[in-house]
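Quick note: the coordinates plus some simple rules give every number you see, no bench work behind them. From a predicted model like this one, the values you see are computed outputs, not experimental measurements. Quick reminder, even Gly has a Cβ in these numbers, built from the backbone with ideal geometry, and neighbours come from all protein chains shown.
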Amino acid sequence: MSRPSQKPDAVLVGVHLPGVTDHEFDSSMEELERLVSTLGYRALVRVTQARSHIDAAAVLGEGKLKELGGLTGGDGVVGSPAPKKKDKARLRRAAEEGADATNDSDANDDEEDREHDREDRGDDRRSAASEARAALVAVDHDLSPSQARNLERATGARVLDRTGVIIEIFHRHAKSREARLQVEIARLAYTAPRLRESPGGKERQRGRGAGEAALELDRRKIRDRIAELREELAAVQRDQDVRRAHRRQASRVALVGYTNAGKSSLMRALTGSEVYVEDKLFATLDTTVRVLQPETRPRILVSDTVGFIKKLPHDLVASFKSTLDEALEASHLLHVVDAADPSWPSQLEVTRDVLQEIGAGDVPSTLVMNKIDRLAPEDLHALRVRLPHAWFVSAHDPADVARARDRLIAIFDAMYAEAEIVVPYDRQAVLSEMHEAGRVADERYDESGVTVHFRADPETIARVRSLLARSRP
Ligand SMILES: Nc1nc2c(ncn2[C@@H]2O[C@H](COP(=O)(O)OP(=O)(O)OP(=O)(O)O)[C@@H](O)[C@H]2O)c(=O)[nH]1
Ligand SMILES: [Mg+2]
């Protein structure tokens, strides 16, 4: 299936609703553009329309829909016949791969259709490679299954809403077992309600029981699968809890913030590690933990976390909560903001909202305005006046990073308490643990043991005391 070369790879669709400012609308479309290019689409065009409401049938009004159809090779009319068999098979394959949960909805699909689909399958596989770059229509509003179906028919293209795009990105980028399981759960939860109008599902392809019965079977299978995945996830997380427990005594800081703010870059700079940095949305989908370098006593652990985004699908928020548990356990958050992005205030707000939602709203935090190398001096000055308590850094500037490190150490230092502790001679293992977990000074030796001046966070002091108390005869 060859594609005329003038066709764009993807079309971004947005309706400018009343009450939405030009800036809000533009930055939302820009973000959708970045999301879609993260998926690998290159030639992008926008089809936007100012309208009092989102059209119930196909989002856009008639004229605009025609324009859209012209760009993608469809006829741009609601009520167009279903996509050709090959297209349908492609769409279904995408759905089965989890690449796309929003499309290929067809309530009227009948047994005869399915027969044809089945016959066409071998053919479709052969053409899969050439179809890989088929056009995408990405819509910046949530689509109902019927809107997705209508748009698909009018455009002859694959249709995704923002949620669908985000889920696909997560699906492609998740690396660790935990992240993969979480994405799969979110994806299935997103697919299940849309099944009503979908002809997908391998079970029905086998033709056993049509209609409702088959639909029920699909739904039950999805529910069972989700339950299975949740169990697997719980096991993986138990493992991680054990690992986390080992780290618990350390001082922790988590880098949180909107996607692409520069969290991983800052993490890299602070810890000298090779975490994944890319100018893409959601480059980081797993939490990584590294030691602040050069090492301090006690050591300070830094976690990098998944970035937030507006309209993050609720299921993903819920399922990524555990990825963010690392952050929740931190005693301090560095909230990283891309100061060079004019949308930073709304990105800041989104991050705060999501933190609140996952129960991290009360963790003390510092605002870190990043990428100041991209700001004009007068803009930087205005920001400094506006945000007197924020840190202003460029993750690319070693002097800024060194300063951030010092301030971070000072924050933890202020949380530490001090105590005189006597460690009996037969408990030297505790003493070496204290050296790991805090600062030990003034060692004085007498008959009862070593008396030290110990500086560490209050929990560590309490833990050391109870360790020593336990050994008393
Ligand atoms: N000019 C400039 N670019 C920066 C700075 N910090 C990060 N970047 C760039 O911004 C892009 C995103 O950086 P990342 O560190 O991957 O951002 P992130 O917050 O980890 O993003 P996600 O993992 O996607 O949430 C990369 O291209 C970085 O090189 C900075 O201080 N100045
Ligand atoms: Mg990152």
Inset, instruction - Calculate the spin-label point distance for V430 paired with A414, positioning each point 7 Å from the Cα along the beta-carbon direction, and give it in nanometres. - result: 3.2 nm
Legend entry - Karplus 3J(HN,Hα) series, Hz, for region 378-395 with 6.51 cos²θ - 1.76 cosθ + 1.60 (x for Gly, Pro): 5, 5, 4, 4, 4, 5, 4, 5, 5, 10, x, 9, 7, 8, 10, 9, 10, 4
Inset, instruction - Go through K280/K311; K263/K310; K64/K310; K64/K311; K175/K280; K66/K310 and tell me which ones have a Cα-Cα distance over 21 Å in this structure. - result: K64/K310; K64/K311; K66/K310
Legend entry - Sorted by Cβ neighbour density within 10 Å, fewest at the top, the residues S265, S144: S144, S265
Legend entry - ³J(HN,Hα), Karplus 6.51/-1.76/1.60, whole Hz, each residue of region 150-161, x for Gly, Pro: 4, 5, 4, 5, 6, 10, x, 10, 7, 10, 10, 8
Inset, instruction - At 7 Å along the Cα-to-beta-carbon direction for both S466 and V77, put a label point, then send me their distance in nm to one decimal. - result: 7.5 nm
Inset, instruction - Report the calculated FRET efficiency for R172 and E228 (r = Cβ-Cβ distance, R0 = 22 Å), to the nearest 0.05. - result: 0.50
Inset, instruction - Search the structure for amide H atoms under 5 Å from the amide H of H16, placed 1.01 Å from N in the peptide plane, and list their residues when 5 or more places away or on another chain. - result: Q49, A50, R51
Inset, instruction - Distance from a point 7 Å along Cα→Cβ of H389 to each backbone N in region 328-355: keep the residues under 14 Å and list them by number. - result: 333-335
Legend entry - In range of the label at D397: residues from region 343-381 whose backbone nitrogen is under 13 Å from the point 7 Å along Cα→Cβ: 369-381
Legend entry - Most to least packed among 346-353, 10-17 [average Cβ atoms within 10 Å]: 10-17, 346-353
